[in-house]
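These notes are about the structure you will find just below.
Where a number appears in this text, it was derived from the coordinates with a stated rule and is not lab data. Given the structure is predicted, the values throughout are model-derived calculations rather than measurements. Glycine also receives a Cβ, built like all others from the backbone with ideal geometry; neighbour counts cover every protein chain displayed.
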Amino acid sequence: MAVADIKRLIAKVEDLPTLPRTVLRITEMVNDPRASARDLSRIITDDQVLTARLLKLVNSSFYGFPQRVSTVTGAIVLIGFDAIRNLLLTTSVFDLFPSPTSRGRRHQESLWDHSLGCAIGAKAIGGILRYEKLEELFVAGLLHDIGKIVTMTMLPEQFERITSRVIEDRLLISNAEAEILGCTHADIGRLLAQRWNLPAKLMGLIEHHHHPSAAGAWATEASIVHLADILTRALSLGSGGDDKVPSVDRFAWELLKLKEGSLDSIMAAMLDEFDDIGSFFR
Ligand SMILES: [Fe+2]
Ligand SMILES: [Fe+2]
């Protein structure tokens, strides 16, 4: 792809929607050491949609608290500032890209299911590895393919061509993207994450989910998202844009040191949670 094309693509990315004000304010507040749970709670309760989403989430099986959580302050204290920011961010992101056509909406819905499957898978793998911040893995899974949404909604003609190449020549979507756009959804996702000032780690995981060995300090997390992506494909949860199940990156497999037998329990957990957690995020 010529330099001019890349520039055009980035110019398009410049037109991307910005995050809702409330989410931005929450992001700022999470980074402010002086902010208290009450300050954060005040901002969230100003927004009825976010409040409802948050309370629904903390009361879902995702957290599995034994007692009902009925206040925003209670939710913040129980799951923490970072978790709140990440989850509200995620639930807002997909609303930002409305698709004009019903075909586009179908593509978006199956990508959303694919993303949700990957998020649940990343959390399940993290659980087996006793990784501490499971919700961080969940969010990375939900957003790993966000670059595809950009192509679907902002570059519809190119997206059509990519889809045709995938179907006619049985290509992986990444290969079709590289051919038609000169870059992949991982690169575009990175641009979007940068524009939204998402945490550097999340940006790195979005950029390197297909090549976890390039993720440096976050190679473990990138390997987890990478494996979860492939397991989601193996289970046919939604669609990542093609129906292939690529092999797991060798570096990632060796790094994670999972027993082959644990793949079955991870996949069983994914199927179990998909409908349950899905009802919250869909
Ligand atoms: Fe991907
Ligand atoms: Fe994916």
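Points to keep in mind about this one:
- Using only side-chain charges placed at the Cβ, +1 for Lys and Arg and -1 for Asp and Glu, the dipole size of the stretch 47-134 relative to its Cα centre rounds to 140 debye.
- The Cβ shell under 12 Å around residue 47 holds other residues with a net charge of +3, Lys and Arg each +1, Asp and Glu each -1.
- When the chain is described by a simple charge dipole with +1 on each Lys and Arg Cβ and -1 on each Asp and Glu Cβ, the residue from 219, 116, 24 located farthest towards its positive end is 24.
- Between 48, 67, 158, the Gaussian network model of the chain with springs among Cα atoms under 10 angstrom shows the greatest mean-square fluctuation at 67.
- Sorted fewest first by neighbouring Cβ atoms within 10 angstrom, 190, 161, 42 come out as 42, 161, 190.
- Applied to the stretch 50-61, the Karplus parametrisation 6.51 cos²θ - 1.76 cosθ + 1.60 on θ = phi - 60° returns per-residue 3J(HN,Hα) values of 4, 4, 4, 5, 5, 5, 5, 5, 5, 8, 8, 6 Hz, with x for Gly and Pro.
- Cα-based shape type of the stretch 178-218, given that a ≥ b ≥ c are square roots of the gyration tensor eigenvalues and the cut on a/c is 1.5: oblate
- Entry note, the stretch 19-96: relative contact order of 38 percent, from Cα contacts under 8 Å with a spacing of 6+ residues.
- Here the calculated FRET efficiency for residue 170 and residue 63, from their Cβ-Cβ distance with R0 = 51 Å, stands at 0.80, rounded to the nearest 0.05.
- Charge tally in the Cβ shell below 11 Å around residue 141, where Lys, Arg are +1 and Asp, Glu are -1, residue 141 excluded: -4
- Rounded to the nearest 20 debye, the dipole magnitude of the chain is 560 debye, with +1 charges on Lys and Arg beta carbons, -1 on Asp and Glu beta carbons, and the Cα centre as origin.
- Reachable aspartates and glutamates from residue 244, criterion Cα separation under 19 angstrom, eight or more residues apart if same chain: 109, 113, 145, 160, 168, 169, 177, 179, 229
- Neighbour-count order for 99, 164, fewest beta carbons within 10 angstrom listed first: 164, 99
- Kirkwood hydrodynamic radius over Cα pairs of the stretch 19-96, then Stokes diffusion coefficient at 4 °C and 1.567 mPa s, in µm²/s: 104
- Residue with peak Gaussian network fluctuation, the chain [Cα springs, cutoff 10 Å], from 121, 64, 141: 64
- Alpha-carbon Rg/Rh ratio, for the chain, with Rh computed the Kirkwood way: 0.96
- For the chain, with +1 on Lys and Arg beta carbons and -1 on Asp and Glu, the positive-most of 172, 248, 186 along the dipole: 186
- The stretch 229-282-the stretch 140-178 distance, computed between alpha-carbon centres (Å): 20
- With neighbour counts taken as other beta-carbon atoms within 10 Å, the residues 123, 244 rank, fewest first, as 244, 123.
- Spin-label pair residue 234/residue 18, simplified geometry with 7 Å Cα→Cβ offset, distance in nm: 4.4
- Theoretical FRET efficiency, 1/(1+(r/R0)^6), r = Cβ-Cβ of residue 130 and residue 179, R0 51 Å, to 0.05: 0.80
- The chain, relative contact order [Cα under 8 Å, separation at least 6], %: 21
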